[in-house]
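The values are calculated or read from the model by the stated rules, or taken from the named source; none is laboratory data. Everything quoted here is computed from the prediction, not taken from an experiment. Here Cβ is always computed from backbone atoms with ideal geometry, including for glycine, and neighbour counts include all displayed protein chains.
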Amino acid sequence: MAHPLVEVALNAIRTHVGGETRTAPTVDTDRAPWGVFVSLHKPPINGVDGELRGCIGRLDLRPGSLEKEVAGVAVSSATADPRFPPLRRDEVEDLDVTVYLLDPPEAVDDPQDLDPEKYGIIVTGRGGRRGLLLPAIPGIDSPERQLELATRKAGLSPGSKVTIERFTAEILN
């Protein structure tokens, strides 16, 4: 059984993409995360994780309903990730949905203090360009690789001078 916030995300996508209206569960939580991301993947094939289909988030959340934040981010992941076409109605029921509740970031001086399994990272470079990578992404198994990809995601050249922050996240499936 999926976590109630994952059900909130999936119900929001179903309503927006499929025109269905389902009652989302009420989530009883005192958690006030700093950020929320929703990641969508195609179903796994032969035990291999499915391809990414959308991933969008929001940082520095406004006070209010966590369910509304998750629902809004889920719809954006399904329809507004510039890397992918909007989700089709026939894709919704097969989605693997993951919700990330991000804790506030902390500054990191030494890249060796990173651990891609435990921490996500945010790099900030010239012109305020930022790149964020979530924790526990398959295939990212070293701090060097994590830093390289986040720097590239920020639109910066490898080896660019950046500030580094790390964060933990509660990962809900």
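Quick check on the stretch 116-136. Is at least one of its residues touching a Pro at 6+ places or on another chain (Cβ under 8 Å), surrounded by fewer than 18 Cβ atoms within 10 Å (Cβ to Cβ) and within 21 Å of LEU10 (Cβ to Cβ)? Yes, the stretch 116-136 has at least one match. Pairs are defined by a Cβ separation below 8 Å, a sequence spacing of at least 6 or placement on different chains, a first member in the stretch 129-141 that is part of a loop (DSSP other than H, G, I, E, B) and at pLDDT 95 or above, and a second member that is among the hydroxyl-bearing types (Ser, Thr, Tyr) and surrounded by fewer than 19 Cβ atoms within 10 Å (Cβ to Cβ); the pairs so defined are PRO135/THR168. Apart from one condition, ARG62 fits all of (1) closer than 26 Å to GLY139 by Cα; (2) touching an Asp or Glu at 6+ places or on another chain (Cβ under 9 Å); the exception is (1). Only one of the numbered conditions (1) of a type outside the set (A, V, I, L, M, F, W, C); (2) assigned by TED's automatic domain parsing to the domain that holds ALA9; (3) outside any helix (DSSP H, G or I) is not met by ASP115, and that is (2).
Here is a yes/no grid of residues against (1) modelled with pLDDT under 95; (2) under 19 Å from HIS3 (Cβ atoms):
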site: ARG31; (1), (2): yes, yes
site: CYS55; (1), (2): no, yes
site: SER77; (1), (2): no, yes
site: ARG89; (1), (2): yes, no
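Candidates are the residues of the stretch 86-112 that are within 18 Å of the chain's Cα centre (by Cα) and part of a loop (DSSP other than H, G, I, E, B); the one that is surrounded by the most Cβ atoms within 10 Å (Cβ to Cβ) is LEU95.
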